[in-house]
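In what follows, a structure is listed as structure tokens, so that the remarks can point back to it.
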Amino acid sequence: MTPPDPGPQTVLCGEVRTSVLRTSEALTARTATQLLNLRPDEHVLLSERPNLRVVSPHQLTGVDCRLPALTGGRPRAVGTVAVRAVLTEGRVLQTSAFARLVPGVGSHRKPWGHYLLRPGDIEPLARHQARDVVEGFLASAPLPGGVLNPGSIAERLLDEVLRHQLLDQRAPFKSGRTRLRWTALPAAEGAQASIERFTVAADGLRTVALRTPSADPSAVAALCEDLALHDWLLTTLLALVERSRLGSGDGEAVLAALRPLVDHLLHLWMPGARVPDALAGVWETLERRPGFSRQWQSLVQRIRDQVALRTVPLSRPVMARS
Amino acid sequence: MLVFAASDKGGTGRSVTSSNVAYRRALAGDDVCYLDFDFGSPTAAAVFDVPGASRGVAAGGLHSHLQGRHTEPHRIDVWAESEHEELRYRPTGSGRLVLVPGDRDGGEFAIGKDTVRRCVNLFLQLESEFDVVVVDLSAGRSYAVDMVLEATAQPELARVLSRWLVFHRWTHQHVIAAHGLVFGERGIVAGGVERGHDKGALRDSIRFVRAAVPDPESPLWAHVPLAQSEWMRKCDRDLTELAAELDLGYARLLGKIPLEPVLQWREQLITDEDVLASKVAGMPTRQALEELAAALVDEEAWERQ
Amino acid sequence: MTEQIFRETTAEPRTQSVPLAHVSLELGHLYMEDFEEGADRLREHFARVKPWADAAHAAAAVMSGGGRARVSTCFLVDDYFTQFSSPRELVPLLLGEAKAAGLEIDYLARESACAQADGVALAAAVEGRLVESPAEGSDGTRPGARETGWLSNGQRSPAAGTAEAMGRVVPWTPPSEAGARRHSIFVDVELWSADPRRTWSCPFLASVWQLARLGLLRHRGNPVLEPRGLRPDQALPETWSALPPLLRLNDSAAPFAAYRTTSVLPSRFLPIEHAVRVILGQVDADSGALRQVAERAAGEGIQVPAEIADRAAYVFYPGP
């Protein structure tokens, strides 16, 4: 039996960029709120439990472009994309751009004020298949110009914040940026939030396809920011451990390489800390497989063992020798 | 660390030598990124033997990124994408080697405030990701040189270590031209000071690399008539004197690359295979490149004044 | 005093409301050039404004459904671009000339208050709320007005010539107005200049002025540019900076902010107010403030246009 046509569906989509904050010391709550004070007349949101997380007010960017699509034509769509910056423990900076594609209404662009009254909504001007837009959006190739691209909007904000004069441009370790591109379709009636796909592509791109009961774009974006943060932590830790040539090389060099990880990264792991119950199922799935926390714990254990081994004072007589 | 590779004239082997230095740094374990800022002739990918990119990439290269047409410049992971036999497998213990190419058929473009801002963002991002960022600049006085001087003068880049390598051939004309490019009225130092650089600090961040240097003592020339080898020695002495006079002498010298047919004709990375197995490249060349790559990060070599 | 600029996410952001009149009627806008022409110029101005002010009152009565219309009047004096005279000298002169024409000024604002008032940078806050109307094909990657300092009502003409050496020659194409009817009226507005310190442009400050009069400005949920009177024993100060940014001159006046605004200005202000429309059409105003205005209007049975720019009406009388 074929399921009934769900009709036009709302699609949430967005992209999160994650980078280390280029500063030698992690920022305090106060400095962090100054850094993320993107709209001077609005509040910066700060939360200190269970860890320090500072969220900027939203900015909006107007778009009038094509929707990505894998098979069909690319319908034109008009509206605004919301973007915000999030700083975790004064150390990891994320920018997150997202929008809600509302089911098509009308075929002509309306006066701009119409869209301003619906911040973060994008209205297609032609019929489209939600599935097709999702697939087109998540296809890993770079999105062509003139096509909806929240990632480039997030990237602009990331560069802007990272150039802030509060930062001394000295990161404690070398690390790359990651991009997490996501979509969310409505979950079936009464169903929990679920994850349909999590892929890790080359060049730091991850794609996530969700089904969520909540159509609150901000809450779903926050879940994706949390996923992106932990994916970045794992990616960065793996790269740094590889570089430190753990288990070979000279002890001093290995210790010097591991030290910043202990100082700046190891305490940041807190998956799902702020994810609302309605969306928590997504983390549960990811913890079962691939098992983010398992991999993290085993890496952390390796680092701790190495640090402990290599800091045993050499002057102590080596008992094992006989 | 940002490393700017400049030369006054073409044909100095600037691109091929700086690519080799990038390759050697990656072999030594550094994460290295190579930027093709030779906007008039974006062909660095050819040196790394990356298929489909030898004249730049079709979309999203540095030209369109810096002019704001494309948010993220295309990156090529050399270990994964090169067709060079020796480069296809990343050696154990080596760092990343990433090439950021220009646009196919891209040309020089005028520099505005926006271009400089994007350039600063790019440098900041790559510097926070890579140990060494090599920026291969167009020959001579170019918009590319202007742009990086302007970018590195911005306060955000003030605390980022920048070093300049100026390549020149070992001839009378080239020595004079290299001096002009660095110390001349419209040279790098003067241009930098005009944009807010500290004169002393900028001067001290510049070192010269002599390229295509014939070695009169090399066995290659062992059988030439005595008069000719005497003449070669005299030329070499005269040039050494001229270089010292023009402040291109020992204190500012970072490396000497011998005259090497493989560098001249094949314009590719010189791998150990080239030297040891197929022997198309000479041991002295490999050694010179290795020394230059080491000197790049050797503080002592940069403290000499 | 430590200012609270952050809050725990669990706390609900709340927007405080401001009292609202039916109409905010602007009786004029004084620059140094006008002042230098002497009291006669002011007298002539108010005489020309008077019939239109009466018409505005009549229109407000219709709007309020025949009840007593709440109309407040205001007057703006420039102290941002040039400072001239003093409150002590100018205010009595102004009030006297208005009174002679049969007009009463309820509120007097300083132009610099639109840039900064009571320690709050209003113009910068409004700039942070600009959301440009995108030209067709824009995916959001282009630098915005906040970076360039220019805001247009459509798509600019690309620079002619070649962008790259030996590149393709780009032919000239005309600019176009977004949503134009057949032909375009393209406007590009300079929001600020930076020489060497940022100076906001006159149309940009005039846009802030309109938003203030429409009750749509907040600072972290709190009202800004609230009117203050002088104490009975307090004399008018010698300097403009010592005067409250928005001075209440009439204790029994209707509220300063209103559902709609009407401004009576000489015709030379027409291009400025056109630019104001372009700006207001691209401001993402405080959603809490917008909602309060809409709810209050609905409660009073009053129609308020959805578009902010459509809430402002003008009378341009002939003359400089």
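Take peptides A:258-266, C:179-187, C:290-298 and line them up by average Cβ neighbours within 10 Å, highest first, as a rough protection proxy.
On the way: A:258-266: 17.9, C:179-187: 11.9, C:290-298: 15.9.
The peptides rank, most packed first, as A:258-266, C:290-298, C:179-187.
Kindly give Rg over Rh for segment B:47-103, based on alpha-carbon atoms, with the Kirkwood expression for the hydrodynamic radius.
Numbers: Rg = 12.4 Å, Rh = 11.9 Å.
So for segment B:47-103, dividing Rg by the Kirkwood Rh gives 1.04.
For segment C:111-150, state the average projected area of the convex hull of the C-alpha atoms over all orientations, rounded to one decimal in nm². Walk me through the intermediate numbers first.
Working: hull surface 13.8 nm².
Taking a quarter of the hull surface, the average projection is 3.5 nm².
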Return the calculated 222 nm mean residue ellipticity for chain B, to the nearest 500 deg cm²/dmol, obtained by summing -39500 (n - 2.57) across DSSP H runs with n ≥ 4 and dividing by the residue count.
-> -11500 deg cm²/dmol
Expressed as a whole-number percentage, the relative contact order of chain C with C-alpha contacts under 8 angstrom and at least six residues apart is 26
Identify all aspartates and glutamates with a Cα-Cα distance to C:Lys99 below 13 Å; exclude those on the same chain that are fewer than 8 residues away in sequence.
-> C:Glu44
Dipole magnitude (debye, nearest 20) for segment C:89-159, charges at Cβ of Lys, Arg, Asp, Glu | 200
Mean ellipticity per residue at 222 nm, deg cm²/dmol - from DSSP H runs of n ≥ 4 across chain A, formula -39500 (n - 2.57) = -10000 deg cm²/dmol
Taking the Cα centre of segment B:2-303 as origin, work out the dipole magnitude from +1 charges on Lys and Arg Cβ and -1 charges on Asp and Glu Cβ, in debye rounded to 20.
-> 500
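For a distance above 25 Å, tell me the whole-number percent of Cα pairs in segment B:1-155 that qualify. Spell out each step's value before the answer.
On the way: 2615 of 11935 pairs.
Across segment B:1-155, Cα pairs with separations above 25 Å total 22 percent.
Provide the convex hull volume over Cα atoms per residue for chain C, in Å³. Don't skip to the end; give the middle numbers.
Details: hull volume 63.0 nm³, N = 320.
Here the figure is 197 Å³ per residue.
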Summarise the partner chain shielding of A:43-52 as one whole number: the mean count of Cβ atoms from other chains within 10 Å of each residue's Cβ.
-> 4
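Let me have the 222 nm mean residue ellipticity of chain C computed from DSSP H runs of 4+ only, each contributing -39500 (n - 2.57), with the sum over all residues rounded to the nearest 500. Write out the running numbers ahead of the final one.
Values: 8 runs with 91 residues, N = 320.
Here the helix-only value at 222 nm equals -8500 deg cm²/dmol.
Give the residue list of GluC sites (Glu not before Pro) in segment A:104-199 that are DSSP loop and have at most 15 other beta-carbon atoms within 10 angstrom. Could the numbers behind the result be given before it?
On the way: sites: A:Glu135, A:Glu155, A:Glu160, A:Glu189, A:Glu196; in loops: A:Glu189.
Passing sites in segment A:104-199 are A:Glu189.
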Identify which of C:Pro51, C:Pro245, C:Pro171 has the largest mean-square fluctuation in a Gaussian network model of chain C, with springs joining Cα atoms closer than 10 Å.
-> C:Pro171
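Can you give the average number of partner chain beta-carbon atoms within 10 Å of each beta-carbon in peptide B:111-117, as a whole number?
Numbers: counts 0, 0, 3, 4, 0, 0, 5.
Rounded to a whole number, the mean comes out at 2.
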Mind checking which of A:Arg109, A:Arg206, A:Arg243 has the largest fluctuation in a GNM of chain A, springs on alpha carbons under 10 Å?
-> A:Arg243
Which three lengths, in whole Å and largest first, does segment A:11-220 cover when its Cα atoms are put on their principal axes?
-> 50, 38, 38
Report the far tail of the P(r) of segment C:165-320, meaning the percent of Cα-Cα pairs longer than 28 Å.
-> 38
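What is the average number of partner chain Cβ atoms found within 10 Å of a Cβ in B:101-109? Spell out each step's value before the answer.
On the way: counts 0, 0, 1, 0, 4, 4, 6, 4, 5.
The mean count of partner-chain Cβ atoms within 10 Å per residue comes to 3.
Using the Cα centre of segment C:204-320 as the reference point, and only Cβ charges (+1 on K/R, -1 on D/E), how large is the resulting charge dipole? Debye, rounded to the nearest 20.
On the way: 12 positive and 11 negative charges, 7 e Å.
Around 40 debye, computed over segment C:204-320.
Could the peptides B:174-181, C:27-34 be put in order, highest first, of the mean number of other beta-carbon atoms found within 10 Å of their residues?
Numbers: B:174-181: 20.9, C:27-34: 19.1.
Top to bottom by mean Cβ count within 10 Å: B:174-181, C:27-34.
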Highest-MSF residue in chain B out of B:Val50, B:Val160, B:Val135 [GNM, Cα springs under 10 Å] = B:Val160
Output the Cα-based Rg and Dmax of segment C:10-151 in Å, rounding Rg to one decimal and Dmax to a whole number.
-> 19.9, 59
Rg/Rh for chain B: what does it come to with C-alpha atoms and Rh from Kirkwood?
-> 0.96
Given B:Lys9/B:Lys256; A:Lys174/B:Lys113; A:Lys174/B:Lys256; B:Lys9/B:Lys199, the pairs whose alpha carbons are separated by over 26 Å | A:Lys174/B:Lys113; A:Lys174/B:Lys256
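Compute the projected area of the convex hull of the Cα atoms of segment A:234-310, averaged over all viewing directions, and report it in nm² to one decimal place.
Numbers: hull surface 21.6 nm².
Hull-based average projected area comes out at 5.4 nm².
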For the protein assembly as shown, the Cα-Cα pair-distance distribution in 10 Å bins from 0, as whole percents, is 2, 10, 17, 20, 18, 14, 10, 6, 3, 1, 0, 0
Each residue of segment C:312-320 in turn: what ³J(HN,Hα) in whole Hz from Karplus with 6.51, -1.76, 1.60 and θ = phi - 60°, glycine and Pro shown as x?
-> 9, 10, 9, 10, 9, 8, x, x, x
What number, in percent, do you get for the relative contact order of segment B:1-101 if the mean sequence gap of Cα pairs under 8 Å and at least 6 apart is divided by its residue count?
-> 32
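Quick note: the coordinates plus some simple rules give every number you see, no bench work behind them. A quick note: this is a predicted structure, and the numbers were derived from the prediction, not measured. Note that each Cβ is placed from the backbone with ideal geometry, even for glycine, and that neighbours are counted across all protein chains shown.
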